Amino acid sequence: MRYHDTQNYEMKTDPGGALWARGKCSFFGGADDPMDSGATASGFSTKDHPDGPYVALPGPVRRKYGLPWGCRVTVENGAGEQARGFLADTGPAKETGRQIDLSPIFNVELGIETDSVVKFYVDIHTIDERFKR
């Protein structure tokens with residue numbers, strides 16, 4: 001992956017057809033984020049669901065791969081432990097140099113911190129119930 005372009009990186013495809021990438025993470029939302037208004041690009045409210053397993057990927061990546069809101073995103077730490085969430089917003093900000101924004105629950109479940117390198121898989125065929133209409 002090209003780390004210098006954190007907004008338009010290439011995702012790879014695993015043998016099962018899932019898209020994946022590896023990169024630095026950051027966190028957003030939850031009680032400890034004073035800048036979180038609760039609003040997301042998808043309409044999901046982080047204020048109404050502060051403990052939800054939501055993630056954000058850059059807009060150019062989401063558009064390039066046709067990633068629908070609510071699609072499953074599995075995040076894996078360096079020890080191979082995984083936690084599942086869903087795509088709810090765009091981010092992180094380009095100037096951060098990070099590839100994925102995570103809700104605080106991933107910090108708890110995977111023991112990762114800001115700038116930890118994670119591997120993340122995107123399943124465009126599995127949509128979280130909150131996004132089904």
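The values are calculated or read from the model by the stated rules, or taken from the named source; none is laboratory data. Being a predicted model, the structure only gives us computed values, none of them experimental. Cβ atoms come from the backbone with ideal geometry, glycine included; neighbour counts cover every protein chain shown.
Before moving on, here are some points about what is shown:
- The one condition in (1) in a loop (DSSP other than H, G, I, E, B); (2) modelled with pLDDT of 95 or more; (3) not aliphatic (A, V, I, L, M) that F106 fails to fulfil: (1)
- Within region 87-100, tally of residues that are over 9 Å from K24 (Cα atoms) and either at pLDDT 95 or above or of a type in the set (V, I, T) (or both): 5
- Residues that are farther than 14 Å from A18 by Cβ, surrounded by fewer than 21 Cβ atoms within 10 Å (Cβ to Cβ) and hydrophobic (A, V, I, L, M, F, W, C) within region 42-69 comprise just one, W69.
- Qualifying residues in region 1-44 (those that are more than 24 Å from V108 (Cβ to Cβ) and basic (K, R)) - the one modelled with the lowest pLDDT: R2
- Filter pass, T74 being modelled with pLDDT of 95 or more and more than 22 Å from E95 (Cα to Cα): yes
- Any chance T114 is part of a strand (DSSP E or B), surrounded by fewer than 22 Cβ atoms within 10 Å (Cβ to Cβ) and not basic (K, R): no
- Residues of region 95-133 that are among the aliphatic types (A, V, I, L, M) and in contact (Cβ under 8 Å) with a residue 12 or more places away in the chain: I100, L102, I105, L110, I112, V117, V118, V122, I124, I127.
- Residue in region 31-43 that is within 15 Å of the chain's Cα centre (by Cα) and among the acidic types (D, E) present: no
- Filter pass, F27 being within 17 Å of R130 (Cα to Cα), of a type outside the set (G, A, S) and surrounded by 15 or more Cβ atoms within 10 Å (Cβ to Cβ): no
- Hits in region 70-100 (condition: polar (S, T, N, Q) and surrounded by fewer than 17 Cβ atoms within 10 Å (Cβ to Cβ)): Q82, T96
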